[in-house]
Amino acid sequence: MRTTRALVVAAATAAAVGLAAPAASAWDQPSSVTAAPSVIAPGGQLVLTANGSACTVANSTISSNAFPTARFKSMGGNSATATVTVNANATPGSYSVTTNCENQTRSFNSVFTVIGGVRGGLGGSSSTGATPADLAIGGGLVAAALVGGGVFWMRRRSENRL
């Protein structure tokens, strides 16, 4: 009788574990998140793709310190994408993202990199207008060009007379 009870308990345990295993593995968490482009300037648009069917359901989101939370859109199959705009004040560096799919969160490190911007508009100049030294140099170059052009023209003119 003891052997029968042990077999019944073992069978019941195996059945409980066997029935619970598919439920536990049913959540196909995102296996990876990729960014295109992977290097971006502040204010640029970024397309993030998550591979895993959990993120293809409604209300799945992705977030980061570099952009506001965005919703995934199913691409069919096991992938979903989200298009985000990186904050204009995002500091240069590598950024992680966090997915929230079927109320389960998962973080991915170093998914994309924000690069520093360049100072433009004035050609990198930090002063306003030309300085007296700039004017003197420019004036000297113009005067040298006029003298050189005049000498060249005078020499060509005298060659035509012979």
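The values are calculated or read from the model by the stated rules, or taken from the named source; none is laboratory data. These figures come from a predicted structure and were not determined experimentally. For neighbour counting, all protein chains shown are included, and Cβ atoms are generated from backbone atoms with ideal geometry for every residue, glycine included. Heads up: the accessible areas ignore ligands, DNA and RNA and are worked out on the full protein's heavy atoms, side chains in. Shrake-Rupley method; radii C 1.70, N 1.55, O 1.52, S 1.80 Å.
Some values worked out for this structure:
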| read-out | value |
| --- | --- |
| Complete set of residues in region 80-108 that are open to solvent by 20 Å² or more (accessible area, probe 1.4 Å), polar (S, T, N, Q) and in contact with a Phe, Trp or Tyr (Cβ under 9 Å, 6 or more places away or on another chain) | Thr81, Thr85, Asn87, Ser94, Ser96, Thr98, Gln104 |
| Phe72, sole failed condition from (1) surrounded by fewer than 18 Cβ atoms within 10 Å (Cβ to Cβ); (2) over 12 Å from the mean Cα position of the chain (by Cα) | (1) |
| Pair list, Cβ < 9 Å and 6+ apart or interchain, from region 129-140 residues that are without any contact (Cβ under 8 Å) to a residue 60 or more places away in the chain to residues that are open to solvent by less than 60 Å² (accessible area, probe 1.4 Å) | Ala130/Gly138 |
